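Here's the structure we're looking at; comments come further down.
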Amino acid sequence: MQPTQTQIVVVGAGPGGYAAAFYAADLGKKVILIERDKRLGGVCLNRGCIPSKALLHAAHTITAAREAEHHGITFASPSIDVTRLRTWKEGIITKLSGGIAQLAKMRGVQVISGRGYFEDSKTLRVETEQGQQFINYEQAIISVGSKSAMPKAFDLGNPRIMTSREALEVEDIPENLLVVGGGYIGMELGTVYATLGSKVVLVEALDTILAGADPDLARPVMNYAKRAFKEVRLRAKVSKMATSGKQIKVEFDVNGTKTEELYDRVLVAVGRTPNSADLGLENTKVTLDDKGFIKVNEKQQTDDPAIYAIGDIVGGVMLAHKASKEARIAVEVITGENSSFSGVTIPAVVFTDPEVAWCGLTEAEAKARNIEVKVSKFPWGASGRALTFDRPDGLTKLVVEPETERLLGVGLVGFGAGELISEGAFAIEMGATVMDLALTVHPHPTLSETLMEAAEAFYGHATHTFSKKREDRQ
Ligand code: FAD
């Protein structure tokens, strides 16, 4: 069969791949998008961002109803129909993935359902249900993403030992759930199951949960987890697991002391590994780092001049919007623009209760890299809006370059922090100073005021907190 000719082939239709395919088509390129899954949208849409946020929304509804008791409103205990919850969540995924397929069609992007494999630097073989198909391309964009890491010692083939993929299916609500890993996925899914009724024990090898977040931002989440989970066990490792009837026997190692416990289910959330195997990359000039991530420069170019790579497969911050931004950069470089990823601000959000969000330089990072910064904070206990939500457990902080007063970083923890962080990202991208933020009138009463007040606090005159005026401003 004659190979199909195209200008751009995109392998993998996650938030990196479909964003790249759509943008390239919008810029007039002939594009083919390859996806091995039945549904488009990648991990993010099918078994990541979207299903987890749907379940977290359900969990928040339960928490909000429970907490309404403080305001004199009492609801009966929730009755949870897991089948309907799953159907609702699946409906969202079906709607969104159908929307992506529709948008591909409207743009003239040809979608081929099958597994891509590089024959050489110019040819991709696609294995479809109907047989093999060959594609000759001018440029390829690899966006094949990542999968949950499953250490060999835990990989018993027992469905009760889950990754996030299975946990998001909500087969049942286990009475006792062990979550291995206190990163964002473990914390988010731990929150879902604890709220649905499981007794959750979370175990983390480090001395903190949410390792990337500043400690003062992670603290309110830890406080929540201490209340909502049965236990949060830091500096502890799981060394072994074994099937024990309908349960999992788990061996823990805390400073060399071994103990055993039984769980109904275990969620292993210890990181993600790149999908770079079985892709035929050895037939191209693409190179990998020692963890299997594809090496790229700031223009998303691999070591093969015809091949670009974006998203989780290139490592770094493994988030959907990072993948979509890299998609735009790859397409712009292909179409002759001088675009680059360097200096791009990628916000991070952890959708726990409360949410944590940050962008730019964190305080911890500044300290580790010996960068001199000034930090200004505004506690949400002083925010009228936070109190009307009955959520004073928040903090807004600004990380500032002392000489120029330029904003280098913004950190937030609190109810809805994920929605607020974009103002920080925008300010940093615009090269805003703290004064710019202080001078921008924010509507009252809103949580966004905490950003303005943190900026005012930098100068010692936030309306709703008192601080001694800075000497150089008196
Ligand atoms: P992916 O989304 O992984 O897509 C890659 C696609 O390539 C897949 O569809 C795969 O089937 C396909 N593929 C692989 N190999 C081949 C091949 N050989 N041929 C054809 N197709 C192939 N990020 C956020 O920003 N916000 C969140 O709230 C968030 N929540 C998450 C929650 C969970 C539980 C998980 C697991 C992840 C979450 N993420 C979140 C991370 C986010 O899902 C990823 O960063 C994002 O999906 C990466 O996009 P991508 O396009 O690089 O790859």
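The values are calculated or read from the model by the stated rules, or taken from the named source; none is laboratory data. Because the structure is a prediction, the values reported are computed rather than measured. For neighbour counting, all protein chains shown are included, and Cβ atoms are generated from backbone atoms with ideal geometry for every residue, glycine included. Heavy atoms of the whole protein, side chains included, go into the accessibility calculation; ligands, DNA and RNA do not. Shrake-Rupley method; radii C 1.70, N 1.55, O 1.52, S 1.80 Å.
Out of curiosity, is residue 92 open to solvent by less than 40 Å² (accessible area, probe 1.4 Å), within 30 Å of residue 265 (Cβ to Cβ), in a helix (DSSP H, G or I) and modelled with pLDDT of 95 or more? Against the criterion (open to solvent by less than 40 Å² (accessible area, probe 1.4 Å), within 30 Å of residue 265 (Cβ to Cβ), in a helix (DSSP H, G or I) and modelled with pLDDT of 95 or more), residue 92 does not qualify.
The listed residues are 74, 83, and the only one of them that is in a helix (DSSP H, G or I), more than 16 Å from the ligand (Cβ to nearest atom) and in the same structural domain as residue 318 (by TED's automatic domain parsing) turns out to be 83.
Per the listing 433, 404, 396, 440, the residue uniquely in contact with a strand residue (DSSP E or B) (Cβ under 6 Å, 6 or more places away or on another chain) and over 26 Å from residue 215 (Cβ atoms) is 433. Considering 178, 202, which residue is more than 19 Å from residue 48 (Cα to Cα), out of contact with any helix residue (DSSP H, G or I) (no Cβ under 9 Å at 6 or more places or on another chain) and either within 14 Å of the ligand (Cβ to nearest atom) or open to solvent by less than 10 Å² (accessible area, probe 1.4 Å) (or both)? After ruling out the rest, the residue left standing is 178.
Checking the condition more than 29 Å from the chain's Cα centre (by Cα) and either assigned to a helix (DSSP H, G or I) or aromatic (Phe, Trp, Tyr) (or both), which residue from 24, 59, 68 passes?
68
Residues in the stretch 214-225 include none that are touching a residue at least 40 places away in the same chain (Cβ under 8 Å) and within 13 Å of the ligand (Cβ to nearest atom). Applying the criterion of being more than 10 Å from the ligand (Cβ to nearest atom) and open to solvent by less than 20 Å² (accessible area, probe 1.4 Å) to the residues of the stretch 126-140, the residue that is nearest to residue 181 (Cα to Cα) is 140.
For every residue, the table says whether it meets (1) in contact with an Asp or Glu (Cβ under 6 Å, 6 or more places away or on another chain); (2) within 11 Å of the ligand (Cβ to nearest atom).
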site: 3; (1), (2): no, no
site: 13; (1), (2): yes, yes
site: 17; (1), (2): no, yes
site: 20; (1), (2): no, yes
site: 35; (1), (2): no, yes
site: 39; (1), (2): no, yes
site: 42; (1), (2): no, yes
site: 45; (1), (2): no, yes
site: 51; (1), (2): no, yes
